[in-house]
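Input: a single structure, listed below in structure tokens.
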Amino acid sequence: MIERYENVIIDIVCSVMVPLIQLFALYVVVHGHYGPGGGFQGGVLFAVSIILLRLCLGKEASHKKFPPKLAAALAASGMLVYMLTGLAPMAAGGAFLDYGHLPIPGVSGAELRFLGITIVEWSIAFSVCGTMVLLFDVLAEGMR
Amino acid sequence: MIWQIDFWLLVVLIIAALLALEVRDLLAAVAVLSAYSFLAALLFAQLGAIDVSFVEATLGAGVSGVLFVLALFCTRRRYEK
Amino acid sequence: MEAYFSLKPLIAVLVSLLASGLIVLSGSRPNLREAWTITAALAKFAITLSMMPAVLAGKYPEVALFTISPGVSLALKVDPAGIIFGLSASVLWILTSFYSIGYMRGLSEHNQTRYFASFAVCLSATMGIAFAANLLTFFIFYEVLTIATYPLVIHKETPEALAAGRKYLVYLLTGGVVLLLALAFTYQIAGTVDFRPGGFLSQQVGQDRLMMLFMLFLVGFGVKSAIMPVHSWLPSAMIAPTPVSALLHAVAVVKAGVFGFVRMAGFVMGPELLQEIGALGIMAGFAAVTIILASLMAFRQDNLKRRLAYSTIGHLSYIVLGLALLSPSAWSGGVLHIVNHAAMKITLFLCAGAIYVKTHRENISDLNGIGRQMPLTMGAFAVAAMGLAGVPPIAGFVSKWYLVQGTLETGQVALTGVLLLSGLLNAGYFLPIVARAFFSPSPGFSKYSEASPWMVIPLMLTAVLSLLMGLFPDQLFHLYQLASNVAASVTGGGVP
Amino acid sequence: MRWLAVPVMALFLALMLYATTGLPLRGEPQAPANAHVSPYYIEKTIEETGTPNIVTSVLADYRGYDTLGETTVILAAGLACLLILRRGKGL
Amino acid sequence: MLEEFLGRYSYFMIAVLMTIGIYGMLAKRNLIKKLIGMNILQTAIFLFFIEGGGKLGATVPVIDPQLGNDPAKYINPLPHVLMLTGIVVGISLTAVALAFLINISRTFHSLDEDCILKEMSK
Amino acid sequence: MSAAPVLIIAPLLLFAFISILAGLWRTSLAYISAVVGGTLSLAAAVFGLFQVLTEGKLSYHLGGWPPPLGIEYVLDPLSAFMALIIVFVGLVVIVYPPKAGLYQVPQRAVPLHGMIMLLLAGLIGVVVTGDLFNLFVFLEIYSLSSYALIAIGGKHALVASFRYLMLGTVAGSFYLLGIGFIYFATGSLNMADVARLLPSLYASPAIIAAVALIFIGIGIKMALFPLHIWLPDAHSYAPSIIAAILASVQIEVAAYVLIRMLLSVFQLDYLRLQLPVMATVGWCGAAGIIFGSVMAIAQRDFKRMLAYSTIAQIGYIGVGIGLANPLGIIGALLHILNHAFMKGCLFLVAGGIRHETGLREIPWFVGLGRRMPLMMGAFAVAALSMVGIPPTAGFFSKWYLVRGSIEGGNWAFAVIIVASSLLTAVYFFRVIEKVFANPPPTSSTGTVQKCEPPPRILVPILILAVGVLVLGLSNAVIVTRVLEQVVAPLFSIAGGR
């Protein structure tokens, strides 16, 4: 597993970079409607920030900040939300993934679809982020 | 879409691909592969596919590079053979 | 000639299948297990017999179960030809069941449950073959019979038995797949596979394709009925326990092949069509060659069961020859010979088995003087042997008589010669056994006595049966009338 | 198997070169790919989904089911690695 | 002629890239090299899709209020969406293959195909 | 718009995710939710089949977008039936508790069950989808899951799985490339839409290349003869229970995809007359039949024999496709269904033998018939069905194939099919002989040691064996109600017979 490498510069750079990357990731997810970006990109960026944490802080510290189980939980729950978003319209008489029939009162038409896309993008972001961290963790376990 | 840029990027891509396969140092090969992906991302952007370019740069060049390097460290085999 | 719905054919088929299940379930209690066998055999016989009056009156019980392939249903229909075959199998099953019990207990064989269960399945398949209303149903039971017989052939589980089993499978499965080709071909060119007296194929199909179809049928049925170049599985399969050889290799399996010829010649292609494409000559040729060669080869066998096997090969070809002659008499004779040969040959096998159980001897040269120790057995043997040789008034004479008459009617004098010659040869290889048994001195051969009544009574019964069938061909079960009905419906001619 | 590489490569290259001669010229605005389905997305994205980024609207809405599948693929990859590499009980 | 060439040369070069990828997968003995070849092949396919989806005189597929929603003004977005999926699938395959690699190297102490096969047949 | 198509797949995906979440908390919950998901899906599949049989083909527009725009799910009688079989066989595999030791990784229950459910979801997605690219996505889902599931079989399985992954990726890439050509030539990804647009483009090199690429891609996935090289290793080293699902369902799904691609996307006359695709598939299949059978005869390892036999059976499907007449296609489709039951049963038997006695090689199977009569009885039924003995299912697919080849005047195929059933008989009767005809080694007390597996192993095997018989006897219903309805439109479009 990855060992913590004692070096001030790395610590500082890490502590500066990680929040920045995370902020950018959030921006990318949110901005997906209007420009390049979206769930995948944002999710991967967020995962990259966690990976950076893992690399800089070492196992114990980074596991405290982002527990490995959280990764799996994020990945699965993201997909769960996606599925539920897909199934919800069916309860309201629409097709699977038909955001136009999401049972949300007071919203309709294009806005409802916009909302649906937003939910889905976020769930993708969670899922991708979780899985990427999971992949990193699992592969890094192999290092001895 | 400027075809000269396309052309030269493709040429570089081919060179990078050959290089990635022929370099005997595996870490270097993986690095070249990342570069290859990054060049591809550039080409995507050049062709107007900014979303794809973004994903290719993060996933293709970034994450897959990291995973490759991790695997290399796990297997402790720097060189072919 | 009308059909009416009746469940009887289905019950006749299923009763032994059910019995087989019960036999497996009660495997640990031999008496119960064998009671099932006997019950099923009797029930089967009763059901078959109860269909007889209707069939004689020209009303055929019929049951169509369900569609098994679009356009073809799994259907059973009892017509004269079918009931002859079914009757002979079910009568002889009763006797063989009793005999088997005696045989298996006498030798305290292993794995008796498997034996009786397979036997019951075989009988089920045989009845299915007899009563099948179309070629696909026929084929299904035909293959089931092949597979169900396999456990019986390898019953001894010795290397030789396994080798014989392999040979058996190779031959019969090959025949089966060739038959499958023929079946599919028939269905593709005719659009139906329902048996119809006189055949359902027409000349329009074309000479070449009909000839090809005929050749496929010839190989397919020929393997099972042990026509000469593909006969060698039958002598090998004699390694099976004697009741198996008796019932299956004299009655069920090989007769299924011969019965296939009946169905093919009479109900699929039709005699006229076969005549037109010149196929009958081929059939007759193969049959004639087989008759002579098998008889000659029987001489060379010292093992009693193998000699009987070669004799079986020869006699099967009698039937095929009769079918190929196309005259009503020859057809009657051929169909009648199915039953007559069954009764006589089973007697011989049962005798051989009784001798084996008692003395553990299989070779003819060891049987000097056995007739004095086992007079009933050898007496039955002598009756059946003479019957096969065609000595009146035993059953063999009747069918042979009609066969000869058929050859004369059609002017095939050469075939008459073949029949007569083979009668002589039959006598030639059977009578020495009888003579040796009764008249040779028997040093050290006094400690034996008759086998158990389980075995002796059945073989006596079959001997008496073959005698009766010779004396009163039509009284017992109206076999002659049935046979001539078949002949008449197929050839369209009157009965002489 | 390695000797197979050369003929396979040659065949593949030949096939691809042959095939590309059947494709519309690059960047052709009237090519079927540009003319059949995609104009609908471009015209209706604002109206139907309120999302200016067409890629996002197609990705998450018009072909949202593909995206569900694709995210499932990633999850499957994560699970696969867990299954293969990690030892011991639990996830 | 030149137009024809300009319209197709990139396909040719992408075909060459794919062939290189296949070469890596088939001819290289080292498993990591095979994996690199796989990545090259996949990326080349993505390139093929994006190249094929290009449109002259069009811009990125994000609706610009000034341009309106004229289909001729925007690049076909569908191949982009497909390739997003493709890239994700590709990375997933790579990750799984790397997991295999790590395990293989643990059990066989080699990443060379011939050595592994020799070890396996033992 | 009936929701049946998506309801078959949704529970699997939903409960796969739930089982991961639940598994984080407690392992047994993962197992339970997997079983619940499988059961729900099975219920939906039964419901879907009934609905299809009463109402005819169902089309479902995912996201509410009409077909060329969005993704379409098509549930026709055949795909409903396939889905039912997939879920059924899958459920049989899922219900094995992870402790049963059949998976060879007893503690990894959570990812294991998640993986199996994703595998099933992928397979069903492939079967019901009506969209070319969606097919690719689900193809990769199931491929990825199957790579991982094969790899848990041990160290040999790892290498086999890696090689399979490489080839499978090539297959996927080829398929994707083929779609690319189709898309750039027609502009559409919907199968029905593509089928409508293609005829005017049949002369285009792009389409010809697309046919070749898709054919090779799917051919690798279904292990059609020269492209089969990954299969023997992968299926023989995988845990038996996984091999059961792979050999019985996964390969079949790929074959089904080939039939769909070749027949409902492209037109028959195009593939038969303008391109020699059909003839190629047919002859590849015929060669595969011979090769697979001969190789199977040469094997000592039971599972490896079954794997080679799978190649031969795929050959039958190939021959059926290659015949390109209604009977041939019906035979191929029927064989897909039959093979799922037969091979599933056989691999489960292999797993059962391994689990109870630790035996793998045929020569050591002596006397197993006496030691585990019920399981070996089921084995005998499945084996006879593979040989093609009448009332079992295997006979009827052969019956249609032989009839099809005779109708097409292709005697060579008929003879090969028939001859191969003899070869099949050779390698299965070899086992049957060992199992039944040899006395088992007796213990010191002289009694035969029974080792019938526990019901949780035995019952699924028996269900599949009975299924083989039922499928055989009910084949007419399946053919008329399900297969003919699927096949008839293909040939009326093609203007064939």
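Values computed for the structure shown
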| quantity | calculated |
| --- | --- |
| Rg/Rg_ref, segment F:1-130, where Rg_ref = 2.2 N^0.38 Å and atoms are Cα | 1.10 |
| Rg in Å to one decimal, and Dmax rounded to a whole Å, for the protein assembly as shown via C-alpha atoms | 36.7, 125 |
| Cβ-based charge dipole, chain C, positive-most Cα from C:Leu420, C:Val205, C:Pro432 | C:Pro432 |
| Neighbour-count ranking [beta-carbon atoms within 10 angstrom, fewest first] of C:Cys351, D:Cys81 | D:Cys81, C:Cys351 |
| Folded to 0 to 90 degrees: helix F:455-473 orientation relative to chain F principal axis, Cα | 50 degrees |
| For residues of A:93-104, the mean tally of beta carbons on other chains within 10 Å | 6 |
| On Cα atoms only, tilt of F:373-387 relative to the major axis of chain F in degrees | 40 degrees |
| Partner lysines for A:Lys65 [C-alpha distance under 24 Å; skip if fewer than 8 residues away on the same chain] | D:Lys89 |
| Tensor-based shape of segment F:309-389 (alpha-carbon gyration tensor, a/c under 1.5 rounded, otherwise prolate or oblate) | prolate |
| Cα shape, segment E:2-121, gyration tensor, a/c 1.5 rule | oblate |
| Ranked by how many other beta carbons lie within 10 Å on average, peptides E:9-20, F:130-141 from highest | F:130-141, E:9-20 |
| 5 Å binning of all Cα-Cα separations within segment C:205-245, expressed as whole percents from 0 upward | 6, 21, 18, 16, 14, 9, 6, 5, 3, 1 |
| Label-point separation, F:Val36 to D:Tyr18 (7 Å along Cα→Cβ), nm | 5.5 nm |
| 19 Å Cα-Cα threshold exceeded, pairs from F:Lys155/F:Lys343; C:Lys59/C:Lys400; C:Lys156/F:Lys434; E:Lys118/F:Lys155; C:Lys77/C:Lys224 | F:Lys155/F:Lys343; C:Lys59/C:Lys400; C:Lys77/C:Lys224 |
| Length released on extending from F:Val95 to F:Arg300, taking residue separation times 0.36 nm less the Cα-Cα span | 70.8 nm |
| Environment charge at C:Gly257 (Cβ cut-off 11 Å; Lys +1, Arg +1, Asp -1, Glu -1) | +3 |
| Beta bridges per DSSP with both ends in chain C, % antiparallel, nearest 5 | 65 percent |
| Gyration tensor over alpha-carbon atoms, chain A, equivalent ellipsoid semi-axes in Å | 35, 17, 9 |
| Partner aspartates and glutamates for F:Lys398 [C-alpha distance under 15 Å; skip if fewer than 8 residues away on the same chain] | C:Glu143, F:Glu407 |
| Nearest 10 degrees, 0 to 90: helix B:64-75 Cα axis against chain B principal axis | 10 degrees |
| Two-site FRET efficiency, C:Thr192 against F:Val415, from Cβ-Cβ distance with R₀ of 25 Å, rounded to 0.05 | 0.55 |
| Number of partner chain Cβ atoms within 10 Å, mean per residue of E:56-69 | 6 |
| Average other protein chain Cβ within 10 Å of Cβ, residues F:121-134 | 2 |
| Exposure proxy ranking, count of Cβ atoms within 10 Å, fewest first, for C:Val262, A:Val107, B:Val69, F:Val92 | A:Val107, B:Val69, F:Val92, C:Val262 |
| Compactness of chain C as Cα Rg over 2.2 N^0.38 Å, two decimals | 0.90 |
| Shape call, segment C:366-496: gyration tensor on alpha carbons, a/c limit 1.5 | oblate |
| Potential lengthening between C:Phe439 and C:Arg29 on full extension [0.36 nm per residue; Cα-Cα distance subtracted] | 143.2 nm |
| Paramagnetic reach from D:Gln30 in segment E:1-32 [backbone N under 20 Å; point 7 Å along Cα→Cβ] | E:1-8 |
| Packing rank of C:425-437, E:79-91, where each peptide gets the mean count of other beta carbons within 10 Å, highest leading | E:79-91, C:425-437 |
| Against the rule of thumb 2.2 N^0.38 Å, how large the Cα Rg of segment C:296-384 comes out | 1.25 |
| Aspartates and glutamates with Cα under 12 Å of E:Lys33, excluding same-chain neighbours fewer than 8 positions away | B:Glu22, B:Asp25, B:Glu80, E:Asp112, E:Glu113 |
| DSSP beta bridges in the protein assembly as shown [antiparallel fraction, %, rounded to 5] | 80 percent |
| Qualifying chymotrypsin sites (Phe, Trp or Tyr not before Pro) for segment A:39-144 [loop in DSSP, other Cβ within 10 Å: at most 11] | none |
| Computed over segment A:73-144, Cα set: Rg, Dmax in Å | 15.8, 56 |
| Estimated FRET transfer efficiency (C:Phe5, F:Ala279; beta-carbon r; R0 41 Å; 0.05) | 0.30 |
| Taking only Cα atoms of chain F, radius of gyration then Dmax in Å | 21.6, 79 |
| Using a Förster distance of 45 Å, the FRET efficiency for F:Tyr202-D:Glu47 (Cβ separation, nearest 0.05) | 0.75 |
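FYI, it's all coordinate maths here, none of it is from the lab. Because the structure is predicted, anything quoted here is derived from the model rather than measured. Heads up, the Cβs are rebuilt from the backbone with ideal geometry, glycines too, and the neighbour counts pull from every protein chain shown.
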